1. If you fit an axis through the alpha-carbon atoms of helix A:87-96 and take the longest principal axis of the Cα set of chain A, what angle between them do you get, 0 to 90°, nearest 10?
2. Mean projection of the alpha-carbon convex hull of the stretch A:8-315 over all orientations, in nm²?
3. Please list, or write none, the lysines whose alpha carbon is within less than 18 Å of the alpha carbon of A:Lys42, excluding same-chain residues fewer than 8 places away.
4. Please quote Rg/Rh for the protein assembly as shown to two decimal places, taking the Kirkwood radius as Rh and restricting both calculations to Cα atoms.
5. Order the peptides A:158-168, A:122-132 from the highest to the lowest mean number of other Cβ atoms within 10 Å of their residues.
6. How high is the relative contact order of the stretch A:174-279, in percent, counting Cα pairs under 8 Å that sit 6 or more residues apart?
7. Roughly how many Å is it from the Cα centre of the stretch A:14-29 to that of the stretch B:280-301, as a whole number?
8. Tell me the angle of helix A:161-173 to the major Cα principal axis of chain A, expressed in degrees between 0 and 90 and rounded to the nearest ten.
Amino acid sequence: MGNTNNTPVLEVKNLKQYFTSGRGKNKITVKAVDDISFNIYKGETFGLVGESGCGKTTTGRSIIRLYDPTGGEVYFNGKLISGKLSKQQLREVTRGIQMIFQDPIASLNPRMTVKEIIGEGLKINNMCKSEDEMMEMIYDILETVGLTKEHAGRYPHEFSGGQRQRIGIARALIVKPDLVIADEPISALDVSIQAQILNLLNRLQKKLGLTILFIAHDLSVVKYFSDRIGVMYFGKLVECARSKDLYKNPLHPYTKSLLSAIPLPDPSYERNRKRIFYDPSVHNYGSEKPELREITPEHFVLCSKAEARQYREEIK
Amino acid sequence: MKNQEKILQVKDLYITFNTFSGKVHAVRGVNFDLYKGETLAIVGESGSGKSVTTKTIMGILAKNANKESGQILYKDDDLMKYTEKNYNMIRGTEISMIFQDPMSSLDPVMKIGKQITETLRLKYGVSKQEAKEKAIGLMKAVGIPEAEKRYNQYPFQFSGGMRQRIVIAIALACDPEILICDEPTTALDVTIQAQILELIKDMQKNRDLSVIFITHDLGVVANVADRIAVMYAGKIVEYGTTDEIFYNPKHPYTWSLLASMPDMDTDDKDELFAIAGAPPNMVHPPKGDAFAARNKYAMRIDFEKQPPMYKVSDTHYAATWLLHPDAPKVEMPKILKKRIERQKRRAGEK
């Protein structure tokens, strides 16, 4: 977990994603993702948390090339995948990185049957020799995600939300990806179904040794599910640490405020909960730009030199 | 909660909907009381009938709904017998409601100020000037900076959290007695959610409001509620004070709900306690305990006969056959037991 001896499956270096709107003097640039870097190692789950609009989804989408990054580099299995790619390379990337989306209704084509949805990736990547072999693989994956053979011929509308999300997971996993980007995979589901999907993802990860980038806004779910967590705030990665460290010793004031805002199912804790407010003006970055600095092993915080000293004091 | 005035009593409420696939039994015999000044949280997943219950109280059910039976007693009146005209007299002034999505509950082409003063002008016939003063006062009370300037702005100029504050201001404009909050923070971010919850609690304290709070988020419930009613498949399966429900739950569904979500201390090696299957189809509600099919503690009687409400304490009741004197002794799931012990220990340390 967080094993640095491993080569990273995904290396994100100074990734920038700006969106512009308007023209001339009305031109506005939104820095959705502003210079973030992190690595994801084989077999681990990396969680990205933050409020809506902080750029966590954009990060995922820039990695998988749904957007063209404005700047920075993304390496996948050691190869540069941002920038221009040949068709062959692009296919390798889109097979190797698969995505599970938030909305299980919108992410499945209503006019395709389940077997068409799941089999599409196999066909595109020429991963099966015959129709029979494809069906066998589809039946196999359906069983893995907790559905049955009979479901293959049906259409998405015949399924409940949880089952649809299982189809989305099956579609992502059938091409044997090296990295799965799960973008809020449970937030559109009912409470009683969320645990089913979390358990399924957990089991699949252990069984298939998946590497997952888990994007969510719910810190307790991310904490449960991830080995390491990155906290994003306004397009920046402000803190990155192993999930236990982050929860026990949050250092960046934004992380503290985020942790203090989460309501927990414990009334006596709730009665005594003190919320910490985050005021970005506490940072004095006039003379030097803040950088991600390692405070304790594998615990990075976006800070200036003076702040880094202060954080090191704090953690002792 | 003892010796307190009951402000609202819901008795044996039964609501069905006509649909193409048949009659949907959305609410099947719900009973609860709301005391003055308390917050009652109704918890359940979607389709459990929690929203339908409150919509019935507000008299805003869809046209295909049938009020099969039941009473809603408010100030010696039965709201079930109210006509639309009667309802107009109490909506906003006596009972008010906040909805989930602050964008769709505001009129996008009407200025914020007008939306707040609308009810005041309509219900109390106050002058424009007076209404404006009151509205600006309200906007300040719900924490909107530069209220005078904001008064003349449109909803799109407000952020999600600010919009929900406006919705709260509108709901409170005519000083209602009861405030119904239907998932008021589900569409909001955690930090904004915390602010809105604090605001609702403040308003409640200052105005002595009685609040019905609907949500599926147990963390939010632990934060706001005095008492909790857990709903499943159109019935209340367990109710009690917040501490009783969280620290001494009795119904297997409550166990599952509590155990199914990880908290900050949940070990990543623990498998979550997932509830198998999906909620029942309410066109053909199950004969016995509706939760039986998904309940690993279910006994044969659960499939045949609906359990009555068993008394656990004066304030705590649960509808499960497990509380029958002849039932086998069953323990709650281990993961939940461990968590409650941990929480109690932590509470003890403080």
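1. 80 degrees
2. Details: hull surface 76.1 nm².
Mean orientational projected area (the stretch A:8-315, Cα hull): 19.0 nm².
3. List returned: A:Lys13, A:Lys79, A:Lys176, A:Lys206, A:Lys207.
4. Numbers: Rg = 26.5 Å, Rh = 27.2 Å.
Rg/Rh for the protein assembly as shown comes to 0.97.
5. On the way: A:158-168: 21.1, A:122-132: 12.1.
Descending packing order for the listed peptides: A:158-168, A:122-132.
6. Numbers: 96 pairs, mean separation 19.2, N = 106.
The normalised contact order for the stretch A:174-279 reaches 18 percent.
7. So the separation of the two Cα centres works out to 55 Å.
8. It works out to around 90 degrees.
None of the figures in this text is laboratory data; all of them are computed from the coordinates on show. Computed from a predicted structure; not experimentally measured. Counting neighbours? That spans all protein chains shown, and the Cβs are built from the backbone with ideal geometry, glycine included.
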